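Working notes, beginning with the structure itself.
The values are calculated or read from the model by the stated rules, or taken from the named source; none is laboratory data. Remember, predicted model here, so these are calculated numbers, not experimental data. Ideal geometry is used to build each Cβ from the backbone, glycine not excepted, and the neighbour counts take in all protein chains shown.
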């Protein structure tokens with residue numbers, strides 16, 4: 001998200017994150033949660049027996065970047081101030 005700050009509505013930003021690479025990008029909605037706890041929670045989810053769809057649904061409710069939020073952050077259409 002820091003990389004997006006210098007850009008404005010006149011810039012085109014492309015990110016290609018696929019094949020599980022998004023699991024390496026994280027920022028929790030609650031910044032007071034340590035990254036170790038986020039990693040532990042995701043480890044529990046992955047080994048929980050839930051489907052990947054269910055795991056991703058839970059992850060996106062705890063993340064600043066999952067579930068399309070990174071795209072929203074990068075889009076001037078959403079009026080988000082950096």
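Under the condition of being exposed (fewer than 11 other Cβ atoms within 10 Å of the Cβ) and either in contact with a strand residue (DSSP E or B) (Cβ under 9 Å, 6 or more places away or on another chain) or at pLDDT 85 or above (or both), the residues counted in segment 15-36 number 6. Just one of the numbered conditions (1) over 15 Å from residue 71 (Cβ atoms); (2) at pLDDT below 90; (3) part of a helix (DSSP H, G or I) is not true of residue 8: (3).
Answer yes or no as to whether residue 40 is at pLDDT 80 or above and loosely packed, with under 13 Cβ neighbours inside 10 Å.
Working: at pLDDT 80 or above: yes; loosely packed, with under 13 Cβ neighbours inside 10 Å: yes.
Considered against the rule, which asks whether it is at pLDDT 80 or above and loosely packed, with under 13 Cβ neighbours inside 10 Å, residue 40 comes out as yes.
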